[in-house]
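Comments concern the structure below.
The values are calculated or read from the model by the stated rules, or taken from the named source; none is laboratory data. Worth saying up front: this structure is predicted, and the values here are computed from it rather than measured. Positions of Cβ are generated from backbone atoms using ideal geometry, with glycine treated the same way; all protein chains shown enter the neighbour counts. These area figures cover heavy atoms from the full protein model, side chains too; ligands, DNA and RNA do not enter into them. Shrake-Rupley method; radii C 1.70, N 1.55, O 1.52, S 1.80 Å.
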Amino acid sequence: NAYALMVRVLLQQGRAAEACALEPPDVTESDRGMRGEVLASRALALVTIGRLDEAIALGKEAAAVTQGVETKLLWLAIRAVAALKCSTSCRMAV
């Protein structure tokens, strides 16, 4: 939970590179809701700095893990940021 919150605080402060530099915790033993939130928070940080393919893949993984409201909303945000950053020639499925 601390990781997910720290990533989002850094993003709100405009410190996306620092958010991406944080090493994500091992969430394999975490409950599904927390796993999804951690993955989606990381994906939001990645999409913010333009790592679109990586962010979309991680966001899809998060959305597949849980239907928790935090993950659902983060997945929508990831897709919105990716769409804004994506040029008209971009072919990724968001």
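Number of residues in region 12-27 that are in a helix (DSSP H, G or I) and of a type in the set (Val, Ile, Thr) equals 0. Of everything in region 3-16 that is closer than 19 Å to VAL69 by Cβ and open to solvent by 80 Å² or more (accessible area, probe 1.4 Å), the residue that is nearest to the chain's Cα centre (by Cα) is LEU5. Which count do you get for residues in region 17-48 that are open to solvent by 30 Å² or more (accessible area, probe 1.4 Å) and under 22 Å from LYS85 (Cβ atoms)? Looking only at that region, the number is 7.
If you go through region 64-84 and keep only what is more than 18 Å from THR28 (Cβ to Cβ), assigned to a helix (DSSP H, G or I) and not charged (D, E, K, R), you end up with VAL69, LEU73, LEU74, TRP75, LEU76, ALA77, ILE78, ALA80, VAL81, ALA82, ALA83, LEU84. Among residues of region 39-63 that are in a helix (DSSP H, G or I), those with a beta-carbon under 7 Å from a residue that is of a type in the set (S, T, N, Q) at least six positions away or on a different chain give the pairs ALA40/THR71; ALA62/THR71; ALA63/THR71.
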